[in-house]
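S.K.: Here it is: the structure, laid out below.
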Amino acid sequence: MPFDGFVTKCVAEELDLLLRGGRVEKVWQPERDEIHILIRSHGTNHRLLISANASSPRIHLTRASKENPQSAPLFCMILRKHLGGGKVVGVSAAGFERVVGIAVESANELGDVAVKTLYAEIMGKYSNVILVNEENRVIDALIHVDQDLSSVREVMPARPYAPPPAQDKLVPGQMAETSADEAAEASAGEIIAKIAASREELPMKKISAALLDTIMGASPLFCRELCHRAGVGDQTPLALIGSRDLEALRAALAVILTSVLSERYSPCVVLREPQALDGAKRSFGERESEREVLDFYCLPVRSSGEGLRNYETMSDAMDAYYDGRGRAASLKQRKAGLTKLVGNNLARCRKKLALQQESMREAANRDTYKLYGELITANIHAIPSGAASASLQNYYYAATADDAPAPAANATLSDAFVEVALDAELSPQANAQKYFKKYRKAASTWKNAEAQAAESVRELNYLESVLLELEMSATRQEIDEIRQELTAQKYLSEGQQGNGQRADNRQRQGKGSRANGPRAKNSRAKASGTRPQPSPPRLFTSSDGLAIYVGKNNRQNDQLTLRTASSNDVWLHARNMPGSHVIVKKQRGDVPERTLFEAATLAAYFSKAKMSENVNIDYTQVKNVKKPPGAKPGMVIYENHRTLTVTPDERLLTSLSAGTTTVTP
């Protein structure tokens, strides 16, 4: 996210071209550290965003809008007073400093026309927005800096405005040359000469750090890119930098500076290239708009090894970058709440299952109690009253006679006689009844715990499938569908967030948000007789031209298998683990083996065994798949199946997505 001197120069030149001569129509301050200014220029409205946020300071035009607070902050009111209705006479950034000055011509308190300047200082945690009058005195600032905060530079009303302290760096293009090419060559030579002179003094200093400390406006990304273009390792110590490396750096720097000084920019956003299992790049299954944004810059970034998306203006690139980053953060936040909810329920189920299994272990000897009761009853005539124990003949002892009685389950048949503990205070008959009572209690415990444990296992399988869906979800709609599923299954209540907190749209979005909240949208949808369309399943085309559908969530799995698919279509699923339902749309004749292999690979990839090898995939006709009464979404039973063993391979998935020919299994 390098808003360095080169990006600042690019943005200032774009803003000057687009906003010069425009009128300031409105000023907002939607955030504590963010200003929006609406400027009407050349028949078009432009929304200028200036942010002094420490994590994302910036200035650029934006298409995004934010809701304003009910009462405007003081600094916003001052900007409206001094800039409202004013004319933009110029936008500039001098000396590759990260400071953009916007000069606005407007009337002062006496009605005289005066030029006031709004400075946007984009300097990380020291970022600020400062309004200065025609006498170069501060009218006000977004962030006040007094002597207690900084003894070097005060930013307070009525104080003279001073630019940020100068740095001991070389400013590209300052030479009095006649052309951009000559200025770039001279600057590049001077910069590299200074670095060469420091090799003996600082031999272990990295070349990228030396460039950063020498070039005014350079960022670490700029230095890495320069080294990459010159073919020099950015972590190479100066002691190992030879004359050939210095010449390569000088030539690469001259080319870059020529582009910058000639105002020939190539704004772009760096996108993360998805990785295949073998480390190769892939593009399967991800729309370009959903790929993770990593960086932006005013020049092509070749050193990252990632994908690039080019834009016409720097503002467009930055707007796309921050919109993508905000969207990714929003998706991560929405996903995190549901993930926590599912994780909490998984922990609850595992704890409950452990208790149920412990109860089953305690009741495992239930048939022994029954055996003791039966043996006491059968030998009651031989047991004296008040005995503490008795050695009783075990008539379940293994016998060879055809008429020998069947042994009780779990009975010990190794001895012809069994030692049975007795309560001396009870009669033999009462001791027998005591053992029968313990048997009935243990049998009941076993039966109930077994049924409850089976239900806990089913719930665990379901929750693990939801967790898998959350991991694979890539859009807000997919996450919302999972939220709806959890709400229908009573894990969430209406209007509740994934973390268990009930949403309050009025607090989160401000006045009037109820009209635009999710409940209002659902109400309008119900009133109009329509419902939001569910997201479609993933669609692939096999090497043989057959359509392969993959469900994205449990509800979609049910819809795909039980309603959309035909009875003779082929259904596939990873054996004994959470995963998507996969449907191969059958055409004429049998489904080719190659298509089955490809569909099985999809079923393995979109399952919990995504990173495993030799995954067993069951497949059968759709007519053999049934949903038990009362089963949770996505849970089915099937019969008459066969099994394929495959290993997930994203290279295969890439070709399926692109519709190209794949290897034959």
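The values are calculated or read from the model by the stated rules, or taken from the named source; none is laboratory data. Because the structure is predicted, anything quoted here is derived from the model rather than measured. Cβ: placed from backbone, ideal geometry, glycine included. Neighbour counts: every protein chain shown.
S.K.: With the structure loaded, tell me whether Ala180 is among the small types (Gly, Ala, Ser), touching a strand residue (DSSP E or B) at 6+ places or on another chain (Cβ under 8 Å) and surrounded by 13 or more Cβ atoms within 10 Å (Cβ to Cβ) or whether it fails that test.
M.R.: So Ala180 does not fit the description; no.
S.K.: Now a separate question. Let me confirm something: among Glu97, Glu67, Glu31, which residue is under 22 Å from Glu154 (Cα atoms) and of a type in the set (Asp, Glu)?
M.R.: Being under 22 Å from Glu154 (Cα atoms) and of a type in the set (Asp, Glu) holds for just one of Glu97, Glu67, Glu31, which is Glu97.
S.K.: Oh, and also: Can you work out which of the residues in region 287-321 that are buried (at least 20 other Cβ atoms within 10 Å of the Cβ) and of a type in the set (Phe, Trp, Tyr) is farthest from the chain's Cα centre (by Cα)?
M.R.: Step by step, filter region 287-321, then rank; the result is Tyr297.
S.K.: Might you let me know whether region 270-280 holds any residue that is crowded, with 20+ Cβ neighbours inside 10 Å, within 16 Å of the chain's Cα centre (by Cα) and either modelled with pLDDT of 85 or more or not in a loop (DSSP other than H, G, I, E, B) (or both)?
M.R.: There is at least one residue in region 270-280 that is crowded, with 20+ Cβ neighbours inside 10 Å, within 16 Å of the chain's Cα centre (by Cα) and either modelled with pLDDT of 85 or more or not in a loop (DSSP other than H, G, I, E, B) (or both).
S.K.: Could you check how many residues of region 150-170 are in a loop (DSSP other than H, G, I, E, B), surrounded by 14 or more Cβ atoms within 10 Å (Cβ to Cβ) and within 40 Å of the chain's Cα centre (by Cα)?
M.R.: Adding up the residues that qualify gives 2.
S.K.: Quick check on this structure: which one of Glu134, Glu121 is touching a residue at least 12 places away in the same chain (Cβ under 8 Å), closer than 23 Å to Ile59 by Cβ and surrounded by fewer than 19 Cβ atoms within 10 Å (Cβ to Cβ)?
M.R.: Glu134
S.K.: Would you check if Lys81 is modelled with pLDDT of 95 or more and more than 30 Å from Ala218 (Cβ to Cβ)?
M.R.: Here the answer is no, as Lys81 does not meet what is asked.
S.K.: Further, regarding this structure: Yes or no: region 534-552 includes at least one residue that is in a helix (DSSP H, G or I), out of contact with any strand residue (DSSP E or B) (no Cβ under 7 Å at 6 or more places or on another chain) and surrounded by 17 or more Cβ atoms within 10 Å (Cβ to Cβ).
M.R.: No, that holds for no residue.
S.K.: Looking only at region 73-92, which residues are of a type outside the set (D, E, K, R) and in a strand (DSSP E or B)?
M.R.: Val88, Val89, Gly90, Val91, Ser92
S.K.: Would you be able to tell me the number of residues in region 541-560 that are farther than 21 Å from Ser465 by Cβ and not aliphatic (A, V, I, L, M)?
M.R.: So the answer is 5.
S.K.: Among the residues of region 236-249 satisfying the criterion of being outside any helix (DSSP H, G or I) and touching a helix residue (DSSP H, G or I) at 6+ places or on another chain (Cβ under 7 Å), which is surrounded by the most Cβ atoms within 10 Å (Cβ to Cβ)?
M.R.: Ile241
S.K.: Follow-up question, since we're still on this one. Inside region 350-382, can you point out the residues that are without any contact (Cβ under 8 Å) to a residue 24 or more places away in the chain and in a helix (DSSP H, G or I)?
M.R.: Residues satisfying the conditions are Lys351, Ala354, Leu355, Glu358, Arg361, Ala378, His381, Ala382.
S.K.: For region 61-75, which positions are closer than 18 Å to Arg40 by Cβ and surrounded by fewer than 14 Cβ atoms within 10 Å (Cβ to Cβ)?
M.R.: Once the filter is applied, which keeps residues that are closer than 18 Å to Arg40 by Cβ and surrounded by fewer than 14 Cβ atoms within 10 Å (Cβ to Cβ), region 61-75 yields Arg63, Ser65.
S.K.: Test of understanding: among Glu639, Glu613, which residue is exposed (fewer than 15 other Cβ atoms within 10 Å of the Cβ), at negative phi, among the charged types (D, E, K, R) and touching a helix residue (DSSP H, G or I) at 6+ places or on another chain (Cβ under 6 Å)?
M.R.: Result of the check over Glu639, Glu613: Glu639.
S.K.: Scan region 1-56 for residues that are part of a helix (DSSP H, G or I) and without any contact (Cβ under 8 Å) to a residue 24 or more places away in the chain and jot them down.
M.R.: Leu17 - this is the single residue of region 1-56 that is part of a helix (DSSP H, G or I) and without any contact (Cβ under 8 Å) to a residue 24 or more places away in the chain.
S.K.: Got a number for residues in region 2-32 being touching a strand residue (DSSP E or B) at 6+ places or on another chain (Cβ under 9 Å), buried (at least 19 other Cβ atoms within 10 Å of the Cβ) and either among the charged types (D, E, K, R) or at positive phi (or both)?
M.R.: The qualifying residues number 2.
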